[in-house]
Amino acid sequence: MKVESVRGMRDILPEEAPRWQKLEQEIRAAFALYGYGEIRVPLVERAELFSRGVGEETEVVEKQMYVFPDRKGLPLALRPEATASVVRAYIEHGLHATGDLAKLYYLGPMFRYEKPQLGRQRQFHQYGVEAIGSLDPALDAEVMDVAAYLMEKLGLDRKRLTLRLNTIGCRKDREPYREALRRHFLPQQADLCPDCRRRLEENPLRILDCKQPQCQSAIAAAPKSLDHVCEACREHFTQVQEFVQALGIRYTLDPTLVRGLDYYTRTVFELCAEDLGAQDALLGGGRYDDLVELLGGPPAPAVGFAGGMERLVLVLSGQGAPPGAAEPALEVYLVPIGSDAKREGAKLLASLRRHGISADTDYMGRSLRKTMQIAGRSARYAAILGPDELARGEIKLKDLASGEEKAIGLAQFTADPHTFIG
Ligand code: AMP
């Protein structure tokens with residue numbers, strides 16, 4: 001019986017992998033440029049890390065998390081996001097002890113039991129940064145700037161991107177604002193979608209990012225968080241905007257922007273791309289000033305963002321960016337003719353690779369004609385080693401683009417192949 005992959009979890013095949021590798025390189029380079037160091041955290045954590053960190057009543061924890069007991073019954077979870085894990089690691093390894101700002105980045109798979117569709121999977125990949133230990137509004141702006149810089153480097157069309165920005169205030173502001181929202185939505189609850197009627201009870205903030213048409217007029221008239229945040233939060237937000245403007249980042253204020261995870265405080269933002277349709281968020285982030293303390297660490301305000309790799313791949317392919325695999329994958333394709341040549345060829349291949357030259361040969365017993373065809377598709381040069389060449393101690397090197405051939409001493413080629421391969 002054939003065993004298939006799990007719904008919403010897909011393979012990235014060798015033909016797609018170069019594009020992913022290139023993206024990963026660009027992401028790492030951008031993050032390093034801004035002073036972030038990589039942290040690799042486990043894919044599996046104690047489930048309570050996310051129920052406490054991300055929030056018991058969030059969709060992510062309530063409906064989307066893969067939770068299972070280990071063999072001793074300890075509840076574990078496949079990580080649905082990485083911020084909580086990074087904060088756990090920050091506390092566990094005392095990264096705060098230096099008294100310095102911790103600038104960390106990560107890249108890797110996350111798991112959420114969502115309804116799969118274009119740009120939404122159950123295993124997907126996120127890249128993100130976390131700057132832990134400062135309340136400076138310039139840092140919020142810098143986090144947005146590293147995202148903006150990365151998009152520029154990837155060649156994304158600025159005009160098709162929108163940065164949405166909002167503040168949701170601090171923890172103290174949250175309850176009065178929730179109350180204001182409840183008071184606003186309660187009289188019109190009959191007009192809301194079933195999900196929003198439930199959200200009205202549990203967390204009315206969630207109503208603000210409902211996409212159902214029937215909820216839109218009530219949302220448009222809802223009280224704005226900016227009118228319900230304390231003086232300190234308002235001042236912080238003013239300064240964030242000043243820095244964002246100074247950096248020349250275009251943005252729109254969006255009072256309906258609330259993010260799906262409970263740990264956010266103050267600044268929240270999202271970068272959306274026109275080409276993505278319904279799942280239009282390329283990345284999202286904001287401040288989480290209480291999370292470190294909530295998870296048992298010292299007070300340490302923080303800000304970060306996370307973006308989806310699959311969505312970047314989609315947007316970039318929509319823009320007709322050249323696929324990563326346009327160049328032949330190999331430098332040399334060895335074409336040995338006869339068993340003696342095959343033995344000699346095996347040595348030559350090993351030597352080429354030890355000189356850092358990518359090389360391969362046929363292991364499928366193909367005809368000479370077929371082998372040359374494959375060489376033509378996959379390499380820059382064919383190295384032909386037949387009985388005649390072998391007798392003369394030579395190899396025939398054929399440039400597969402120009403068709404030019406030259407005979408080279410086998411010993412010379414083996415000793416210093418770089419001289420012959422430009
Ligand atoms: P979040 O962690 O929910 O703030 O999401 C941050 C970013 O991760 C989003 O803007 C998306 O680009 C990406 N993302 C979140 N969930 C998924 C998913 N199920 N499939 C693909 N990408 C996702």
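Bear in mind these aren't lab numbers, they're just calculated from the coordinates by the rules spelled out. Everything numeric in this text was worked out from a predicted model, so none of it was measured. In this analysis, Cβ positions are derived from the backbone assuming ideal geometry, glycine residues included, and neighbour counts consider all displayed protein chains.
In segment 248-272, which residues are more than 9 Å from the ligand (Cβ to nearest atom), under 26 Å from Pro299 (Cα atoms) and not in a loop (DSSP other than H, G, I, E, B)?
Thr265, Arg266, Thr267, Val268, Phe269
Identify the residue in segment 37-67 that is among the aliphatic types (A, V, I, L, M) and farther than 28 Å from Ile27 by Cα and, among all such residues, is surrounded by the fewest Cβ atoms within 10 Å (Cβ to Cβ).
From segment 37-67, those among the aliphatic types (A, V, I, L, M) are 39, 41, 43-44, 47, 49, 54, 60-61, 65, 67; that's our starting set.
Next, only the ones that are farther than 28 Å from Ile27 by Cα stay: 47, 67.
Details: Ala47: 19, Val67: 14.
Step by step, filter segment 37-67, then rank; the result is Val67.
Where residues in segment 267-301 are in contact with an Asp or Glu (Cβ under 8 Å, 6 or more places away or on another chain), farther than 30 Å from Gln21 by Cβ and not basic (Lys, Arg), which of them is surrounded by the fewest Cβ atoms within 10 Å (Cβ to Cβ)?
Per the stated criteria, the residue is Pro299.
Which of the residues spanning segment 129-165 are within 19 Å of Glu242 (Cβ to Cβ) and without any contact (Cβ under 8 Å) to a residue 24 or more places away in the chain?
Listed by number, the list holds a single entry, Asp136.
I'd like to verify a number: residues in segment 68-84 that are surrounded by 11 or more Cβ atoms within 10 Å (Cβ to Cβ) and either farther than 16 Å from Arg52 by Cβ or within 12 Å of the ligand (Cβ to nearest atom) (or both), how many?
Residues meeting the conditions: 8.
Hey, any hits in segment 131-140 for a residue that's within 16 Å of the ligand (Cβ to nearest atom) and either in a loop (DSSP other than H, G, I, E, B) or among the aromatic types (Phe, Trp, Tyr) (or both)?
There is no residue in segment 131-140 that is within 16 Å of the ligand (Cβ to nearest atom) and either in a loop (DSSP other than H, G, I, E, B) or among the aromatic types (Phe, Trp, Tyr) (or both).
Here is a list: Tyr149, Tyr177. Which entry is away from the ligand (no atom under 16 Å from the Cβ), under 19 Å from Glu24 (Cα atoms), assigned to a helix (DSSP H, G or I) and of a type outside the set (S, T, N, Q)?
Tyr149
Please give the number of the condition Val87 fails out of (1) more than 15 Å from Phe50 (Cα to Cα); (2) aliphatic (A, V, I, L, M); (3) assigned to a helix (DSSP H, G or I).
(1)
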